[in-house]
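Engineer: Handing you a structure now.
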Amino acid sequence: MLRLCLFILAILFGANLIFPPPLTKAQLVSPVVLDRQDGWMAGFTVEDGVWRIPADLDDIDPRFVERLIAIEDERFWTHSGVDVPAIFRAAHSWQKAGKPVSGASTISMQLVRQIEPRPRTLRAKIIESLRAIQYEQHLSKREILELYLTHISYGGNIDGIHAATLSYFGKEPNELNDAEIALLIAIPQAPEARRPDRWPNIAQHGRDNILDKLYEKGLIDQRQMTEAKEIPVAQDKQTIPATAWLSAHAIADNHERVRSTFDLDLQNDVEAVVNQYLEGLPNSVNVALTLVENETMAVRAHIASGGRERQGGWLDMTRRYRSPGSTLKPFVYGVAMEDGILASGSWIEDAPRRFGNYQPENFNHRYYGKVRIHEALRHSLNVPAVIVMDRIGGARFESRLKYSGVNLVRLGGDSEEAGLAIALGGAGVTLNDLAVGYAALANGGLAQGLRWKETDPEQATVPLMSQDIANDLTDILRQAPTPGGRVPAWLAEKAPSIAYKTGTSYGFRDAWAAGYTDQWTIVVWVGRPDGAPREGQTGRIAAAPLLFDVFNALPQIDSRLDFERDQAAPKGLSSVDDYTADGPQILFPPHETELLANQFGPKSRGFTFSARTETGEARFFVDGQPISEENGLSIWRPETPGFYRVEAIDAFGRKSVSEISVLSFSQLDDPRF
């Protein structure tokens, strides 16, 4: 007998080495994303479309575990994978009745059957028994039970208790009542026949049989059994919850439970604000948003898309490169301050100006002459930003931002003009990268990458600019005009003091608002994912209100209001402009150029003249005749084609001349031209 036992052990040991159990296959489970406190956010099916959410005994009602073992494998905690007494009992009842009456499969053997399905034959039963013993050698009882509760079929594409409770009851497996516990024990005994969403009557009959057995075993009393049987089996199948589905998909790991940095309560609050904002807007319009906790750089809420039912709703718009409009201007001025080119109180000329073939214009087509840098940024003037970018250099600016984790993709090629246009949105940037930049302003000029998982290590900080410069920019952005209908923070009690900047891409394709308080950084994008324009929908109109609504929905710490910073420029930085006062500089029309007119006379569109002067004022004359102003603009309407002499005279009587020629369309076919 001893030799026989040793022989059997030797066979088992050899089989274990030569044919080890496929434990890696047992790990093929649904990726699951949880919030920072282990709250359910979203899960995803495995390759064959099956929901197989990992089971954790700590998250399962202990009454269910106790009753499951009592029904399925009462000696589970003591046997070695095969229940020998149960085998003898099953064989005796089979012999007595002439047919199988009771089974002898243990939970370990049922787990083997789920992972390695085989035809139900005597040979397969023997293999299952040997495999069960192997599993018991490699895994603890707790691990075997958790794997069983992960892989056991509940009908259709539902495996495991967690997926079953979410699908059939819409709840977690630690919130079960007596009727639900009995049903969850009954379904795996005949998974397809007892599916409550298809065969509720059969499912209820199987459940009631389990309740009878539980009563017989003394695990429930008469009242519990009666009350549980009176509860009808719910036929409707629930959708497994998916909060921030796109966001969760981006950070999910294959077959792992991931604890994200998201805060489920904040996520729900932000989604409610976004959903309310989207009400009444066309289906073609979508929203993206990233909420960052400044201290930890953890993403606490994330809207990859305002809704999967909206146009482009399956795209994560926070990871797409879009034109940021004017949202990069704070960094343009910040880099220039860091390089010692200017200070927030430096003067700069806001007037039409040409840079090679590139001539930027202010958004409202108005110019304000000499302004301070803090005024130019606060009112988002375009020309001063391009002047400063010209002093920095586009390549220098790009490399500085890239070093800090903000990557730019040029939209207009690699020319110098394209580099200057970056100041006004001539580069693509992702919303998430923009959040890194604005969080750096909130964190005293130190940039750090975003954290998406609780296990992500804290990244090293990279200096984008000094703390003094970041504070200067913060004070400027905190004084930016608030969106319509919003009370300024300094007038509202306990309102968050928001430093923010808006941006609008060329053609009204993208509307942006990026802002921060001492605690939070938020970047908002509103637009059409297909890039179609939305006429008149600027960042201030379309995105800033949503930014402020989200901030108002967040818990806030006390924010400091620091508007007393000295904004006068230090000596040597009083002016950024390299313009020398030798007289006016005619920007348009340039000297010795040809202008093409499609119409002549007083009804023609005419040409708008502009010049750069020390005072910002100039009068124009054509062939000695003054040009009248229309709405503050000098517009000239030639009577005929020909050669003309344009003169610009500044407030000091100094003069510049530009000689031009005007052609008609008909002259284009004349070989003399």
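Any read-out appearing in this document is the output of simple, stated calculations on the displayed coordinates, not a laboratory observation. Quick caveat: nothing in here was measured; it's all calculated off a predicted structure. Ideal geometry is used to build each Cβ from the backbone, glycine not excepted, and the neighbour counts take in all protein chains shown.
Engineer: Can you tally the net charge around Leu246? Count Lys and Arg as +1, Asp and Glu as -1, for every other residue whose Cβ sits under 11 Å from the Cβ of Leu246.
Structural biologist: Details: positive: Arg308, Arg319; negative: Asp316.
Counting the neighbours of Leu246, the net charge comes to +1.
Engineer: Something else now. Work out, step by step, the length gained on full extension between Ile69 and Ala242: first 0.36 nm times the residue separation, then minus their alpha carbon distance; give nm to one decimal.
Structural biologist: Length gained between Ile69 and Ala242: 59.1 nm.
Engineer: With +1 assigned to the C-beta of every Lys and Arg and -1 to the C-beta of every Asp and Glu, and no other charges, what is the dipole magnitude of segment 585-669 about the Cα centre in debye, to the nearest 20?
Structural biologist: Numbers: 8 positive and 12 negative charges, 28 e Å.
Around 140 debye, computed over segment 585-669.
Engineer: Still on this structure: Please say if segment 100-160 is rounded, prolate or oblate, where rounded means a/c under 1.5 for a ≥ b ≥ c the square roots of the C-alpha gyration tensor eigenvalues, and otherwise the choice is prolate for a/b larger than b/c and oblate otherwise?
Structural biologist: Since a/c reaches 1.5 but b/c is at least a/b, the shape of segment 100-160 is classed as oblate.
Engineer: Nearest 10 degrees, 0 to 90: what angle lies between the long axis of helix 122-138 and the longest principal axis of the chain (Cα atoms)?
Structural biologist: Computed tilt is about 60 degrees.
Engineer: So what is the calculated 222 nm ellipticity per residue for the chain, using -39500 (n - 2.57) for each DSSP H run with n of 4 or more, over all residues, to the nearest 500 deg cm²/dmol? Intermediate results must be reported in sequence, preceding the final value.
Structural biologist: Details: 21 runs with 224 residues, N = 673.
The helix contribution divided over the chain gives -10000 deg cm²/dmol.
Engineer: Considering the options Ala395, Ile469, Val523, tell which one lies farthest towards the positive end of the dipole of segment 318-552, charges being +1 on Lys and Arg and -1 on Asp and Glu at the Cβ, about the Cα centre.
Structural biologist: My answer, from the dipole projection, is Val523.
Engineer: Ok, one more. Treat each spin label as a single point 7 Å out from the Cα along the C-beta direction, and report the Arg118 to Leu596 distance in nm.
Structural biologist: Going from the Arg118 label point to the Leu596 one covers 8.3 nm.
Engineer: How large is the charge dipole for the chain, taken about the Cα centre, if only the Cβ atoms of Lys, Arg (+1) and Asp, Glu (-1) carry charge, to the nearest 20 debye? Kindly include the intermediate steps, with their values, before the conclusion.
Structural biologist: Working: 70 positive and 87 negative charges, 404 e Å.
The calculation lands at about 1940 debye.
Engineer: Can you find, among Ala250, Asn364, Gly81, the residue sitting farthest towards the positive end of the charge dipole of the chain, where Lys and Arg contribute +1 and Asp and Glu -1 at Cβ?
Structural biologist: Gly81
Engineer: Can I ask one more? Can you tell me the orientation of helix 62-72 relative to the chain, as the angle in degrees between its alpha-carbon axis and the longest Cα principal axis, to the nearest 10?
Structural biologist: Value to nearest ten degrees: 40.
Engineer: In terms of the Cα gyration tensor, with a ≥ b ≥ c the square roots of its eigenvalues, is segment 318-552 rounded because a/c is under 1.5, prolate because a/b exceeds b/c, or oblate?
Structural biologist: Numbers: a/c = 1.23, a/b = 1.16, b/c = 1.06.
Because its axes are fairly even, with a/c under 1.5, segment 318-552 counts as rounded.
Engineer: So how tilted is helix 394-403 from the main axis of the chain? Cα-based, degrees 0 to 90, rounded to 10.
Structural biologist: Between the helix axis and the principal axis of the chain, the angle is about 30 degrees.
Engineer: Taking 0.36 nm per residue of separation and subtracting the Cα-Cα distance, what length does fully extending Asp56 through Arg142 add?
Structural biologist: On the way: separation 86, 0.36 × 86 = 30.96 nm, distance 0.94 nm.
The Asp56-Arg142 span can extend by a further 30.0 nm.
Engineer: Quick one: which residues, 5 or more positions from Leu595 or on another chain, have an amide H under 5 Å from its amide H? H modelled 1.01 Å from N in the peptide plane, none for Pro or chain starts.
Structural biologist: Those qualifying (amide H under 5 Å, at least 5 residues apart or on another chain) are Ser661, Val662, Leu663.
Engineer: Also, quick follow-up: Taking every pair of alpha-carbon atoms in the chain, give the share separated by more than 44 Å as a whole percent. The partial results should precede the final answer.
Structural biologist: Details: 103204 of 226128 pairs.
Cα-Cα pairs in the chain separated by more than 44 Å: 46 percent.
Engineer: Checking the a/c ratio against 1.5 first, then a/b against b/c, what shape does the Cα gyration tensor give for segment 348-406?
Structural biologist: Values: a/c = 2.37, a/b = 1.60, b/c = 1.48.
Prolate.
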